[in-house]
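Working notes, beginning with the structure itself.
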Amino acid sequence: MDFLMTKQGAIREVLEQILPVADTTRKPEMICFQNGIGHIERIRQVWPEGVLYPAVTTEGAKRQGPASILHAGAGVTEIGWSEEQVKAQAGNFEECVLNRLLAAGFDVCLSKEIEYGMYRKLLINAVINPLTAIWRIRNGELLSDPVRLHMMRRLFDEGIQVYEAHGIRWDSAWWEQIMNVCRATADNHSSMLADVLAQSTTEVASINGQLVQMAEQAGITAPTHKVLWQLIEGMRLKEG
């Protein structure tokens, strides 16, 4: 069982590097930890024979070097699988994945409703990440000012309108969960801010951009998400 933890923009490049040297004696299985949505479809385009398990996590992490990661905030990890996968792989999956993650101290569970978790995580990222990237602040600093909280709420409400337009189930508790993520990762730089500071490509298109596209498909708008998407896309210095 492999874990794919690269960002969305690097999916094709990473898979094309690792698949030629993969162990062909094992069943091709991969747990996919990516922000945003649309990545499972992109992975299947490159690796159609793979058995994929979408996963979402609210664990906080900060890279300190090429081989050093700081655990910056505890969270919950959900791994999605279907009824058929449960029947076929239950014992092996528990032994090789769940038990090892639990033994390492992670709060992890299986979910047959992983799309619900993915849309919740999408909204969490869409509210926190672009604002920290624009204002160059840590996650916890979002809660320190009424103007920042107002912008967070505007992004949240727009996202909920998009979900309702698509018939996507959501929960009013998500707003407080966003607050809790900011508190639990208060000293963290979001991944989007880290990318902006490094002048790297961000995942804003896979997060806020996806919400904008979903809004357009439903015949509505998500103007705040669209502005932030465009602003952040324009912050990276172009080569040449």
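The values are calculated or read from the model by the stated rules, or taken from the named source; none is laboratory data. Predicted model, so just to flag it, every value in this text is computed and none were measured. All Cβ positions, glycine included, derive from the backbone under ideal geometry; neighbour counts span all protein chains shown. Please note that ligands, DNA and RNA were not included when accessible areas were found on the heavy atoms of the full protein model with its side chains. Shrake-Rupley method; radii C 1.70, N 1.55, O 1.52, S 1.80 Å.
Scanning segment 53-71 for residues that are buried (at least 19 other Cβ atoms within 10 Å of the Cβ) and either farther than 21 Å from residue 102 by Cα or among the hydrophobic types (A, V, I, L, M, F, W, C) (or both) turns up 55, 56. Is there a residue being charged (D, E, K, R) and touching a residue at least 60 places away in the same chain (Cβ under 8 Å) anywhere in segment 210-222? Taking every residue of segment 210-222 in turn, none turns out to be charged (D, E, K, R) and touching a residue at least 60 places away in the same chain (Cβ under 8 Å). One residue alone among 100, 153, 138 is within 16 Å of residue 77 (Cβ to Cβ), open to solvent by 40 Å² or more (accessible area, probe 1.4 Å) and basic (Lys, Arg), and that residue is 100.
Across segment 103-135, the qualifying residues are those that are in a helix (DSSP H, G or I) and in contact with a strand residue (DSSP E or B) (Cβ under 8 Å, 6 or more places away or on another chain), and the one among them that is least open to solvent (accessible area, probe 1.4 Å) is 117. One residue is enough: does segment 180-191 have a residue meeting the conditions open to solvent by 20 Å² or more (accessible area, probe 1.4 Å) and closer than 17 Å to residue 37 by Cα? Within segment 180-191 (the criterion being open to solvent by 20 Å² or more (accessible area, probe 1.4 Å) and closer than 17 Å to residue 37 by Cα), the answer is yes, since at least one residue qualifies. Evaluate the following for residue 174: is it open to solvent by 40 Å² or more (accessible area, probe 1.4 Å), of a type outside the set (S, T, N, Q) and under 18 Å from the mean Cα position of the chain (by Cα)? Spelling it out, it is not the case that residue 174 is open to solvent by 40 Å² or more (accessible area, probe 1.4 Å), of a type outside the set (S, T, N, Q) and under 18 Å from the mean Cα position of the chain (by Cα).
Scanning segment 17-46 for residues that are at pLDDT 85 or above, open to solvent by 50 Å² or more (accessible area, probe 1.4 Å) and either more than 18 Å from residue 213 (Cβ to Cβ) or not acidic (Asp, Glu) (or both) yields 17, 42, 44, 45.
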